[in-house]
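The following block contains the structure, expressed as structure tokens.
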Amino acid sequence: PWPRHYLRFETIGFAVPVWAGTRPYQGLPFQWSCDVETAPGVWHSQGFLADAQGDPRRAFATRLLAALGRTGCVFAYNAGFERNRIRELAQRFDDLREALEALLPRIVDLFQVARTHYYHPSQAGSWSAKTVFGILAPELHVERLARRVEGAPLLAFAQSLQRGLPADERERLRSALQDHGRRRTEALRRMVALFEAAT
């Protein structure tokens, strides 16, 4: 049923913590991307990307709750990742615990649907998001950032936090991360459309 939400998280684990109260290599969520389908073919995109103003987890959680609302399924791929990050946020913020935990049963794991009902020879046994998204929507290039930005999203994010980074360079990195998130949620939408067409 609608509304439908297509969700993807990004996390980072700093060897040397940059935010107070965090541990070395702790997996910290810094970005979420979400496409919301309010009716068939009616879309809008939302997202959150941390900045250099300190620990982003509370803002990450509150903005996520606002985006997902109280109703509708939440599609994710290999959703244990998103569920575990949500549980960690619920443990950290007592006042948000109930609302965050209410999200968990709404999450539909497309990885499990794909494992049961889909296979393409080009997967060569791999069920990673990179592989499956690359087969379903090769033109989206979900495995990479923008052409002018090298490395994984977490590296681009870490670079964007560097002191003294020129404003235009920081904005270039942030724009690449936001675009990357939109392409990944678009791949989730393509996956659901394929599964529905096959039923």
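The values are calculated or read from the model by the stated rules, or taken from the named source; none is laboratory data. Every value quoted in this text rests on a predicted model; they were computed, and no experiment measured them. Every residue, glycine among them, receives a Cβ derived from its backbone with ideal geometry; neighbour counts consider all protein chains shown. Side chains are part of the model used for accessible areas, which takes the heavy atoms of the whole protein and leaves out ligands, DNA and RNA. Shrake-Rupley method; radii C 1.70, N 1.55, O 1.52, S 1.80 Å.
Restricting to segment 33-69, count the residues that are in contact with a His (Cβ under 9 Å, 6 or more places away or on another chain) and on the phi > 0 side of the Ramachandran plot.
Residues flagged as in contact with a His (Cβ under 9 Å, 6 or more places away or on another chain) and on the phi > 0 side of the Ramachandran plot within segment 33-69 amount to 1.
If you don't mind, there's one more thing I want to ask. Check Arg184 against each of (1) without any contact (Cβ under 8 Å) to a residue 40 or more places away in the chain; (2) charged (D, E, K, R); (3) open to solvent by less than 40 Å² (accessible area, probe 1.4 Å) and name the one condition it does not meet.
Here Arg184 clears every test but (1).
Which of the residues belonging to segment 63-82 are in contact (Cβ under 8 Å) with a residue 40 or more places away in the chain, in a helix (DSSP H, G or I) and surrounded by fewer than 21 Cβ atoms within 10 Å (Cβ to Cβ)? Break it down into steps so the answer makes sense when it comes.
Of the residues in segment 63-82, the ones in contact (Cβ under 8 Å) with a residue 40 or more places away in the chain are 67-69, 71-78, 81-82.
Checking which are in a helix (DSSP H, G or I) leaves us with 67-68, 81-82.
Listed by number, the residues that qualify are Ala67, Phe81.
Taking segment 110-126 as the search range and keeping residues that are without any contact (Cβ under 8 Å) to a residue 40 or more places away in the chain and hydrophobic (A, V, I, L, M, F, W, C), which one is surrounded by the fewest Cβ atoms within 10 Å (Cβ to Cβ)?
Filtering segment 110-126 down to residues without any contact (Cβ under 8 Å) to a residue 40 or more places away in the chain leaves 111-112, 115-116, 119-126.
Imposing the further condition that a residue be hydrophobic (A, V, I, L, M, F, W, C) reduces the set to 111, 124.
Values: Phe111: 18, Ala124: 7.
Checked segment 110-126; the qualifying residue surrounded by the fewest Cβ atoms within 10 Å (Cβ to Cβ) is Ala124.
Another question, if that's okay. What pairs come out if I take residues in segment 83-109 that are free of Cβ contacts under 8 Å to residues at least 12 places away in the same chain and pair them with residues that are surrounded by 14 or more Cβ atoms within 10 Å (Cβ to Cβ) and charged (D, E, K, R) whose C-beta lies under 8 Å away, six or more apart or interchain?
That search, which allows pairs on different chains as well, returns Ala90/Arg97; Ala90/Glu101; Gln91/Arg97.
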